[in-house]
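These notes concern the structure reproduced below.
The values are calculated or read from the model by the stated rules, or taken from the named source; none is laboratory data. Being a predicted model, the structure only gives us computed values, none of them experimental. Positions of Cβ are backbone-derived with ideal geometry, glycine not excepted, and every protein chain shown enters the neighbour counts. For accessibility, only protein heavy atoms count, side chains too; no ligands or nucleic acids. Shrake-Rupley method; radii C 1.70, N 1.55, O 1.52, S 1.80 Å.
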Amino acid sequence: LIESEKKIATIELAIQSIKAIHEVTQQPFPNIPFLNEMMRGLKRTKGAKQRQAKPLTTDLIARGLSNDETVMAIRDRALILISFAGALRRSEICDLTFQDLDFRSEGLILHLKKSKTDQEAQGHDVPIHKSHNERMCPVLALKKWLALADIQDGYVFRSLRKGGHIRKSITDGSISRIVKKVVKDAGEDPKGYSGHSLRSGYVTEVARRGAQSHQIMMVTGHKSDAMVRKYIRSGRLFMDSISIL
């Protein structure tokens with residue numbers, strides 16, 4: 001993997017996967033001389049910092065969301081606002097079904113099924129608040145999409161053919177393209193943005209507003225606050241530092 005120029009994160013994942021298989025089959029993990037030293041040296045040589053998706057912000061969303069009333073524009077508004085407000089992963093966006101929606105007077109609860117941090121498939125409930133700004137309200141946007149697409153069962157977000165014909169569940173690639181389009185329409189360079197920008201954007205945005213890690217984890221479903229603290233530091237970098245000029 002090193003010779004193939006793979007990323008450090010990919011190599012570490014491969015090692016952990018091999019260790020996990022040994023544990024499952026009750027086999028001892030082989031003693032590999034200098035494995036830890038080799039990995040430390042590799043990190044010093046290549047650098048261990050992972051490439052992160054740029055966070056989407058409420059400002060970018062407000063500037064980049066289309067006001068068109070086409071089928072695609074209505075779907076994209078609902079997808080962006082719900083996914084951002086719920087800090088959803090791409091897999092969670094693709095897997096979300098009508099049966100996972102629980103509309104309340106305060107807003108909406110998403111009953112998410114198994115996710116990356118929920119390997120026992122216990123599920124996770126995500127609250128989506130209504131917004132006083134109708135254009136930016138994720139609940140209103142979703143209701144409009146469901147009514148237009150006549151979705152009463154199955155996947156919530158679906159792919160579209162030319163002419164606005166509704167098809168099957170949306171794909172990871174489509175989510176990334178929708179995010180990049182919003183950023184581009186906001187007048188910014190979409191390079192560095194992806195589907196994960198929705199999730200990282202939520203955490204970064206609420207961190208700027210003073211949210212604590214336990215409040216963020218209630219929405220994101222993180223089991224450890226280590227990753228959340230990293231987003232908080234990033235989101236509050238200018239707020240917590242002191243200007244000298």
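Within region 78-87, is even one residue of a type in the set (A, V, I, L, M), farther than 20 Å from H132 by Cα and modelled with pLDDT under 95?
Taking every residue of region 78-87 in turn, none turns out to be of a type in the set (A, V, I, L, M), farther than 20 Å from H132 by Cα and modelled with pLDDT under 95.
Would you mention how many residues in region 178-192 are under 15 Å from the mean Cα position of the chain (by Cα) and at pLDDT below 95?
1
Can you name every one of the helices (runs of 4 or more DSSP H) wholly within region 174-245 that holds 2 or more residues which are small (G, A, S) and open to solvent by less than 70 Å² (accessible area, probe 1.4 Å)?
The helices (runs of 4 or more DSSP H) meeting that bar are 197-208, 226-235.
Taking L79 as the residue in question, decide whether it is closer than 22 Å to D185 by Cβ and open to solvent by less than 70 Å² (accessible area, probe 1.4 Å). Before the answer, list the steps.
Numbers: closer than 22 Å to D185 by Cβ: yes; open to solvent by less than 70 Å² (accessible area, probe 1.4 Å): yes.
The answer is yes for L79.
Given the criterion modelled with pLDDT under 85 and of a type in the set (G, A, S), identify the matching residue among S4, S17. Can you show your working first?
Details: S17 fails: modelled with pLDDT under 85.
Selected residue: S4, the only one of S4, S17 that is modelled with pLDDT under 85 and of a type in the set (G, A, S).
Could you look through region 90-114, keep only residues that are touching a helix residue (DSSP H, G or I) at 6+ places or on another chain (Cβ under 6 Å) and outside any strand (DSSP E or B), and pick out the one that is least open to solvent (accessible area, probe 1.4 Å)?
Here the residue is I93.
Determine whether A53 is loosely packed, with under 15 Cβ neighbours inside 10 Å and either under 30 Å from T171 (Cα atoms) or in contact (Cβ under 8 Å) with a residue 24 or more places away in the chain (or both).
Criteria not met by A53.
Mind checking whether some residue in region 131-141 is within 16 Å of G221 (Cα to Cα), of a type outside the set (V, I, T) and modelled with pLDDT under 95?
Checked region 131-141: no residue is within 16 Å of G221 (Cα to Cα), of a type outside the set (V, I, T) and modelled with pLDDT under 95.
Within region 57-74, which residues are over 26 Å from E205 (Cα atoms) and within 18 Å of the chain's Cα centre (by Cα)?
Within region 57-74, no residue meets the criteria.
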